[in-house]
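Peer 1: Please find one structure pasted underneath; my questions will follow.
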Amino acid sequence: MAHILSGHYEQAELPLRQSSQAGDSEGMVEYGNLLRVTGRLSEASAHFMEVVPRLSGELLLRAQRWWGTVEFMAGRTEMGLQRCEAAWHGYLALGDDEMIGRITQTMAQMHLSVGNLSRARQLYEEAIRRMPLAQQSVFRIAALGGLADVQMSLGEVREARKTLDAAQEALQLTDSLKSTAHILSAEADYYHLTRNQDKYLDTLLQLQGILEDLQDFESSTWTAAHLADFYSRQGRHSQAMETLFEIAPEGKHPLVTAMRGMLLRRRHLYSAAIEAFQMALDSPRLESRAQLRTLLHLADAQAKNGDPEGSGVSLKLAMEGLLSARDLILFSPDLQELADLVQHALLDPELSPYMEVLLDKFDVLLGRDSVPSDSVLHLKVQTMGRAAIFREGEEIKFSLQGSVLTLAYLALHPGCTRRELETTLYPDREGKTAGDYFRAVFRELRVKLGQQVLWMDGSPKAPRYRLGPGVHLDLDLEHLREALSKGDTARALSLYRGPFLPDSKLESEWVDTTREELRADLAAELKSKLQQARDNGDLRRALLLANQYLKIDPEDLDMLEARVAVARQVASPQDLARYVVDLQRQLS
């Protein structure tokens, strides 16, 4: 990618450098800006330090603006903001609305990057006010895109959609690739936040398509990281790594390094992932949101690499940052992915208070994406707590209850005849009614998921049904059973989001039996771990386990009594009083 960036700017660099060396004031400023745009921050900073004392008037203000931007990009955020503030006040004194609007938009982006959302919103709205659409469409578009970023960070998704629609209208008045890229990146964030994976990927690919002509260091780095992240989440690990280093203009950029760590972690290469994460965190150029993401993924890698103490330190740092962050909603996908880490925190007496507060602030759908990269159709099936099927992160809606049930059953019992499926899954329907219902289920699965999802073999008169040969099903029921068999309590709790197919109205003995077996097995696991904690004198952990158990069976009298007994020794008076009330309510 570096050669792509250099092509356009090589043509401009020589004359600008010569102009700067000849003492031309505007050439000095614009050569420094070229160094900034191409990511040569050290050179840019040194250049501005040398030439700024020789400038005056509007060129001095312009140089201060770009110098401040360079300092900010290099991780010297306070100095960067101070220099831009000085330029801003200078433009206010000149009364130049156009330049006031431009630098206001620059400062708003800085405040957004460091999480000062209220100040960023105020500045973006001021920039939009000062830049009429007809005269300043490019800079107005940038401010609209930034305002949409603020709105998404605050969870104001509907308002962000309206702002983005206004930006799309404004784009019709310009052919600026930079403006297009800015709005496309905001649109990508919107689709990621609203879990529209098809449009998210399409938007990222549009961005990739204009990068060669755009030749912008920051846009290229951002797009490389987000595309690689998308492919990696899908299990397309080789494509993710290839995309990251083909598009990113600087392979050692801290955002690229952090993303490399995430790709390695998802491939279970934990030691290499930890090294990459720590290298990224050591860089002052890693902006605050990326720092928190990196800490979360580092904590998970450390836990899986056998370093629970290091994991606890990293996770606590991440949670402390998240508790003060105004853009919590943007971390929801990460906490969904790191469900095991979340549950480990909930069972750790030192970490659980932080995690409980975070989970109170947004509803995290705990899950786990783990599909191999060679499958044709990747499906994630949720049966615990509710019935749902996801393709590439997007939920596919079904009208028939038997659709999710049938798909899950065939994943566990391939080769069933139609009669076996009808008898086991919907015994309340008989004869022709059962046959009609099965055909409707079969048709809905193929229409919604593709013809390849179900396969028939054997005799044409008595075919047997199974999932198609190119279908990979990630079934939470299987993961839950695996976690229970290994005694992995935290992971089991992250997977148990409620009873097995709780809303099923089909009178299936298999559903009822499976539901009760899973509940009983998880309850037994929790009781066992609770007793171990009590035997070891770890009463705070025992209390956490009791609370988890009572979420599954809130009327278990023995557990209610055990919780009160433990709470008398370690709980606060307020919590003890609440537990006693719960026990008395059950006794009455």
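Peer 1: Write out, first by first residue and then by second, each pair whose Cβ atoms fall under 6 Å of each other, whose residues are 6+ apart or on separate chains, and whose first residue, in the stretch 575-588, is within 10 Å of Val564 (Cβ to Cβ) while the second is of a type in the set (Val, Ile, Thr) and assigned to a helix (DSSP H, G or I).
Peer 2: Every condition considered, the pairs that remain are Tyr579/Val564; Val580/Val564; Leu583/Val564.
Peer 1: From the set of residues in the stretch 70-90 that are aliphatic (A, V, I, L, M) and crowded, with 20+ Cβ neighbours inside 10 Å, which is nearest to Met110 (Cα to Cα)?
Peer 2: Keep residues of the stretch 70-90 that are aliphatic (A, V, I, L, M), which gives 70, 73-74, 79, 81, 86-87.
So of that shortlist, the ones also crowded, with 20+ Cβ neighbours inside 10 Å come out as 70, 73, 87.
Values: Val70: 11, Met73: 9, Ala87: 14 Å.
Selected residue: Met73.
Peer 1: I'm told Val441 meets every condition in (1) more than 30 Å from Leu346 (Cβ to Cβ); (2) in contact with a strand residue (DSSP E or B) (Cβ under 8 Å, 6 or more places away or on another chain); (3) β-branched (Val, Ile, Thr) except one. Can you identify the failing condition by its number?
Peer 2: Only one criterion in (1) more than 30 Å from Leu346 (Cβ to Cβ); (2) in contact with a strand residue (DSSP E or B) (Cβ under 8 Å, 6 or more places away or on another chain); (3) β-branched (Val, Ile, Thr) is unmet by Val441, namely (2).
Peer 1: Can I ask one more? Limited to the stretch 46-67, what total is found for residues that are in contact (Cβ under 8 Å) with a residue 40 or more places away in the chain and either open to solvent by less than 20 Å² (accessible area, probe 1.4 Å) or among the small types (Gly, Ala, Ser) (or both)?
Peer 2: Total meeting the criteria: 1.
A quick yes/no check of all residues on (1) over 25 Å from Pro499 (Cβ atoms); (2) touching a strand residue (DSSP E or B) at 6+ places or on another chain (Cβ under 9 Å); (3) free of Cβ contacts under 8 Å to residues at least 12 places away in the same chain; (4) part of a helix (DSSP H, G or I):
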site	(1), (2), (3), (4)
Ile389	no, yes, no, no
Leu410	no, yes, no, yes
Thr424	no, yes, no, yes
Asp428	no, no, no, no
Thr433	yes, no, yes, yes
Leu445	no, yes, no, yes
Lys448	no, yes, no, yes
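Peer 1: Between Phe398, Phe438, which is in a loop (DSSP other than H, G, I, E, B) and either open to solvent by less than 70 Å² (accessible area, probe 1.4 Å) or acidic (Asp, Glu) (or both)? Walk me through how you get there before you give the answer.
Peer 2: Values: Phe438 fails: in a loop (DSSP other than H, G, I, E, B).
Of the residues listed, the single one that is in a loop (DSSP other than H, G, I, E, B) and either open to solvent by less than 70 Å² (accessible area, probe 1.4 Å) or acidic (Asp, Glu) (or both) is Phe398.
Peer 1: While we're looking at this one, here's another question. So, in the stretch 367-394, exactly how many residues are farther than 18 Å from Gly450 by Cβ, at pLDDT 90 or above and among the small types (Gly, Ala, Ser)?
Peer 2: The qualifying residues number 2.
Peer 1: Then there's this: Checking the conditions here, which among Asp503, Asp558 is in a helix (DSSP H, G or I) and charged (D, E, K, R)?
Peer 2: On the way: Asp503 fails: in a helix (DSSP H, G or I).
Among Asp503, Asp558, only Asp558 is in a helix (DSSP H, G or I) and charged (D, E, K, R).
Peer 1: Among the residues in the stretch 507-522, are any out of contact with any helix residue (DSSP H, G or I) (no Cβ under 8 Å at 6 or more places or on another chain) and surrounded by 15 or more Cβ atoms within 10 Å (Cβ to Cβ)?
Peer 2: Yes - at least one qualifying residue is present in the stretch 507-522.
Peer 1: So which of Leu112, Leu154, Leu123 is hydrophobic (A, V, I, L, M, F, W, C), under 24 Å from the mean Cα position of the chain (by Cα) and open to solvent by less than 20 Å² (accessible area, probe 1.4 Å)?
Peer 2: Answer to the check: Leu112.
Peer 1: So, one more: Pairs, please: C-beta under 7 Å, at least 6 apart or cross-chain, first residue without any contact (Cβ under 8 Å) to a residue 12 or more places away in the chain and in the stretch 150-179, second surrounded by 17 or more Cβ atoms within 10 Å (Cβ to Cβ)?
Peer 2: Glu159/Gln151
Peer 1: State whether the residues of the stretch 272-287 include one that is over 23 Å from Val256 (Cα atoms) and either of a type in the set (D, E, K, R) or touching a helix residue (DSSP H, G or I) at 6+ places or on another chain (Cβ under 9 Å) (or both).
Peer 2: no
Peer 1: Out of the residues in the stretch 185-237 meeting the condition of being charged (D, E, K, R) and outside any helix (DSSP H, G or I), tell me which one is most open to solvent (accessible area, probe 1.4 Å). If you could, list the steps in order and put the result at the bottom.
Peer 2: First, the residues of the stretch 185-237 that are charged (D, E, K, R): 187, 189, 195, 198-199, 202, 212-213, 216, 218, 229, 233, 236.
If we keep only those that are outside any helix (DSSP H, G or I) as well, we get 195, 216, 236.
Working: Arg195: 102, Asp216: 14, Arg236: 70 Å².
Out of the qualifying residues, it is Arg195.
Peer 1: Please enumerate the residues belonging to the stretch 283-310 that are modelled with pLDDT of 95 or more and either surrounded by fewer than 16 Cβ atoms within 10 Å (Cβ to Cβ) or of a type in the set (Ser, Thr, Tyr) (or both).
Peer 2: Thr294, the sole residue that qualifies.
The values are calculated or read from the model by the stated rules, or taken from the named source; none is laboratory data. These figures come from a predicted structure and were not determined experimentally. Methodologically, a virtual Cβ is constructed for each residue, glycine included, from the backbone with ideal geometry; neighbour enumeration extends over all protein chains shown. Heavy atoms of the whole protein, side chains included, go into the accessibility calculation; ligands, DNA and RNA do not. Shrake-Rupley method; radii C 1.70, N 1.55, O 1.52, S 1.80 Å.
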